[in-house]
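First the structure, in the form of structure tokens, and then the observations on it.
The values are calculated or read from the model by the stated rules, or taken from the named source; none is laboratory data. Being a predicted model, the structure only gives us computed values, none of them experimental. Here Cβ is always computed from backbone atoms with ideal geometry, including for glycine, and neighbour counts include all displayed protein chains.
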Amino acid sequence: MPGGAVRLADRVAVVTGAARGIGAAIAQRFAREGAFVHLLDNDVAPLEVLARDLSVEGLAAVGTPCDVSDEASVRAAVAAVLARHPHPHILVNNAGVNTHPASVTETPPEHWDQVLSTNLRGTYLVTRALVPHLTDGASVVHVASVLALEGAKAAAAYSASKGGLLALMRSMVADCSPRVRVNCLCPGPVQTEMFEAYLARVEDPEAERRRVVDALPLQRVGTVEDIANAALFLASEESSWITGHALVIDGGDSV
Ligand SMILES: NC(=O)c1ccc[n+]([C@@H]2O[C@H](COP(=O)([O-])OP(=O)(O)OC[C@H]3O[C@@H](n4cnc5c(N)ncnc54)[C@H](O)[C@@H]3O)[C@@H](O)[C@H]2O)c1
């Protein structure tokens, strides 16, 4: 690799929801740090574009279609990963949706199930399929949210799903230590399609964007690179004595 030492040399990483947004930034950052990255996503066209772009850059990445909420799809994707790399080192459970923001009383069961099935069940399915095959000393990172830690209006299913990831992390620390470390990222508002979709739903998106930024001590929304930097730390040996931690990355929002 050009530019000296890399932080994930000889590592194999699996990143879900890798076609765009935070997942794509994590995948790109890991690949640039020397990892072979398996990109998993259910949106195949952008997944293939990103895998090709990374390959053109001379980086090691392959895209595999995967709907994390579907057990058969997860089984097939994990089999494809293991056929190439029987013992990966890093798993980032990033795939997530916030498709039906509403209060608990305004959330119909089918919307609740859709959000929980990707954000929580999807993480469970991928973790269940892959963790037994991870190498000793592996690192698992679940991408949760500050909404796992603090209440917000009209986010019942999403918040519950992300809170579930923190509980899953703690139970995994009890079950999987010392072989595997498990940590969570808890981002605040990050500039991605998910954030733009949130703004598009309110009456005055620009006023809401200003309100969000004004409320942040660091006076800007997060970038996908802010989150990728933290993911890199938790995935690398630099965090080798950290497990069961929920790392908040939110510009000071939750202070
Ligand atoms: N953007 C934010 O403000 C923010 C804040 C906190 C947490 N997060 C979390 O970060 C993660 C990434 O969010 P983002 O903002 O990059 O979102 P995004 O919508 O930009 O990207 C999400 C990716 O996940 C994929 N995905 C969705 N459902 C899937 C499924 N069933 N199987 C496989 N892939 C699936 C999508 O195709 C997409 O490529 C999510 O878990 C989200 O909840 C985002």
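Please tell me if Arg128 is outside the structural domain of Asp41 (by TED's automatic domain parsing) and either within 16 Å of the ligand (Cβ to nearest atom) or within 28 Å of Val104 (Cβ to Cβ) (or both).
When the stated conditions are applied, Arg128 does not pass them.
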### Query
Does segment 159-175 include one or more residues that are more than 20 Å from Val248 (Cα to Cα) and surrounded by 13 or more Cβ atoms within 10 Å (Cβ to Cβ)?
no
### Query
Tell me, which helices (runs of 4 or more DSSP H) wholly within segment 179-244 include 2 or more residues that are more than 18 Å from the chain's Cα centre (by Cα), hydrophobic (A, V, I, L, M, F, W, C) and closer than 28 Å to Ala167 by Cβ?
205-215
### Message
Condition first: outside any helix (DSSP H, G or I) and among the polar types (S, T, N, Q). Now tell me which residues in segment 25-74 satisfy that.
### Response
Asn42, Thr64, Ser69
### Message
Condition first: closer than 23 Å to Ala230 by Cβ, within 11 Å of the ligand (Cβ to nearest atom) and buried (at least 23 other Cβ atoms within 10 Å of the Cβ). Can you find one or more residues in segment 62-81 that meet it?
### Response
yes
### Task
Identify all residues within segment 196-207 that are surrounded by 15 or more Cβ atoms within 10 Å (Cβ to Cβ) and touching a residue at least 12 places away in the same chain (Cβ under 8 Å); write none if there are none.
Tyr198
### Query
So Thr99 clears everything in (1) within 14 Å of the ligand (Cβ to nearest atom); (2) in contact (Cβ under 8 Å) with a residue 24 or more places away in the chain; (3) not in a strand (DSSP E or B) except one condition, right? Which one?
(2)
### Query
Taking interchain pairs and intrachain pairs at least six residues apart, which have beta carbon atoms under 8 angstrom, with the first residue in segment 238-255 and within 14 Å of Cys184 (Cα to Cα) and the second among the small types (Gly, Ala, Ser) and surrounded by fewer than 19 Cβ atoms within 10 Å (Cβ to Cβ)?
Thr243/Ser177; Val248/Ser254
### Total residues in segment 102-118, condition surrounded by 20 or more Cβ atoms within 10 Å (Cβ to Cβ) and near the ligand (Cβ under 8 Å from one of its atoms)
1
#### Entry: Given (1) surrounded by fewer than 22 Cβ atoms within 10 Å (Cβ to Cβ); (2) in contact with a Pro (Cβ under 6 Å, 6 or more places away or on another chain); (3) assigned by TED's automatic domain parsing to the domain that holds Ala18, index of the condition Ile227 fails
(1)
### Filtered residue count, segment 118-174, keeping only those that are small (Gly, Ala, Ser), in a helix (DSSP H, G or I) and more than 25 Å from Asp226 (Cα to Cα)
5
### Task
Tally the residues that are within 13 Å of the ligand (Cβ to nearest atom) and either over 17 Å from Val12 (Cα atoms) or under 14 Å from the mean Cα position of the chain (by Cα) (or both), restricting the search to segment 36-54.
13
### Message
Of all residues being within 16 Å of the ligand (Cβ to nearest atom) and charged (D, E, K, R) in segment 132-167, which is nearest to Leu91 (Cα to Cα)? Just the residue, please.
### Response
Lys162
### Matching entry among Arg210, Arg179, Arg128 (being more than 27 Å from Arg84 (Cβ to Cβ) and either among the acidic types (Asp, Glu) or surrounded by fewer than 18 Cβ atoms within 10 Å (Cβ to Cβ) (or both))
Arg210
## Note on the structure
Checked Leu91, Leu134 against criteria (within 14 Å of the chain's Cα centre (by Cα) and touching a residue at least 40 places away in the same chain (Cβ under 8 Å)); the one match is Leu91
